[in-house]
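Each reported figure results from applying straightforward, stated rules to the coordinates on display, with no laboratory input. None of the values given here were measured: they were computed from a predicted structure. In this analysis, Cβ positions are derived from the backbone assuming ideal geometry, glycine residues included, and neighbour counts consider all displayed protein chains.
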Amino acid sequence: MGSGTPGYFEYRAIDPRDPGGPPVMVRFARDLITWYYENRSVDYENFRCVRHVLDHTERIFRGVRDYEEGELSWWCYTGHPKEWCIKENVFAPFPGRSLVFAVYLNPKFELYTFRAERADPQQRACPINWRSRYGELLWPKSIS
Amino acid sequence: MAEEHFLKDYVEGKPGFKPEAWYNQYGDCVVYQTANEATYAERLDSLTTLYRSVIDDRVIGFQIKGVKEILKALKCGILAEGAGKESDETISLIALVIAACKLSHDREANKDQLEALAELIPHMAHEKVPIPRAA
């Protein structure tokens, strides 16, 4: 965990291509981290939520982009952090009944964005309208 | 009080906020936000996502994805993998918003969402987005 690749922070996560196998290393580019720190300090604090979602992943979707290139997939991991930063120096419980936290990765497993989304009222771990927005629910394979 | 940030070794100086548009090369998207508040996303259409403040639900920003495709459709060949910062070009943020609305293949946006997006226009009237230039 940490800086395995120069210019990146790396963090272990479930590999959606083989969920029972070895983990995949998700990469946070240093310039992305720096940009959030210098320009979106509240979101920078919420990198903590990204880590929580990667540690406690509830769902993984593929097919996030309409124009995916060949076999390359864009990924969405979801979960419910306990708390998050809502404005400068203010932390609050994450409203997990109505929102779900989504972490988006590109085909190289590089983090590119993360955000709260309205949750599906029937499936709190899924963003609303997930059946039409994403190509496939990859993990877990079946949900009740 | 939150515990020490796990990325603290990757940053220096003071944290801040700038209401500026940014082209995110890792996601081929442009993000723009007018307030330093946590948001939740609300899909406008296949290319544009609104960001609403969790504090009062007002629209304070958006994300436009698929920027390379949008610019290709507009015949603005200014993007290339690995292009250097020193050769950045800029595109008007409003032009990008209009292009994304025009090129989206679906039309899910309702009147309230479009009005909320329009309310951001005075904030972004002069906003330019630096985008890597084609090599």
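Values computed for the structure shown
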{"quantity": "Cα-based shape type of chain B, given that a ≥ b ≥ c are square roots of the gyration tensor eigenvalues and the cut on a/c is 1.5", "calculated": "oblate"}
{"quantity": "B:GLU89 long-range amide H proximity, modeled H, under 5 Å", "calculated": "B:ILE131, B:ARG133"}
{"quantity": "Length gained when the stretch A:ALA92-A:MET25 is fully extended (0.36 nm per residue, less Cα-Cα span)", "calculated": "21.2 nm"}
{"quantity": "FRET efficiency, 1/(1 + (r/R0)^6) with R0 30 Å, evaluated for B:ILE98 and B:GLU3 via beta carbons", "calculated": "0.10"}
{"quantity": "Zone residues, the stretch B:98-128, relative to A:ASN129, backbone N less than 11 Å from point 7 Å out along Cα-to-Cβ", "calculated": "B:106-110"}
{"quantity": "Ranking of B:CYS29, A:CYS126 by count of other Cβ atoms within 10 Å, fewest first", "calculated": "B:CYS29, A:CYS126"}
{"quantity": "Cα gyration tensor category, rounded, prolate or oblate, for the protein assembly as shown with a/c compared to 1.5", "calculated": "rounded"}
{"quantity": "For B:11-20, mean number of other protein chain Cβ atoms within 10 Å", "calculated": "5"}
{"quantity": "Structure-based [θ]222 nm, chain A - -39500 (n - 2.57) summed over DSSP H runs of at least 4, per residue, nearest 500", "calculated": "-5000 deg cm²/dmol"}
{"quantity": "Cα gyration tensor category, rounded, prolate or oblate, for chain A with a/c compared to 1.5", "calculated": "oblate"}
{"quantity": "Efficiency of FRET between B:ASP45 and B:GLU20 - r from beta-carbon atoms, R0 35 angstrom, step 0.05", "calculated": "0.90"}
{"quantity": "Dipole of chain A [Lys/Arg +1, Asp/Glu -1 at C-beta], most positive-end residue of A:ASN89, A:ALA119, A:PHE28", "calculated": "A:ALA119"}
{"quantity": "Derived scalar couplings ³J(HN,Hα) [the stretch A:109-120; Karplus, 6.51 cos²θ - 1.76 cosθ + 1.60; whole Hz; x for Gly, Pro]", "calculated": "6, 9, 5, 10, 7, 7, 5, 7, 9, 4, 8, 5"}
{"quantity": "Alpha-carbon centroid distance for the pair the stretch A:104-133 / the stretch A:19-48, whole angstrom", "calculated": "16 Å"}
{"quantity": "Cα-centred dipole magnitude for the stretch A:41-139, charges only on beta-carbon of K, R (+1) and D, E (-1), debye, nearest 20", "calculated": "340 debye"}
{"quantity": "Estimated dipole of the stretch B:17-131 in Debye, rounded to 20 [Cβ of Lys and Arg +1, of Asp and Glu -1, Cα centre]", "calculated": "280 debye"}
{"quantity": "Under DSSP loop assignment and at most 15 Cβ neighbours within 10 Å, longest trypsin sites (Lys or Arg not before Pro)-free interval of chain A", "calculated": "A:18-81"}
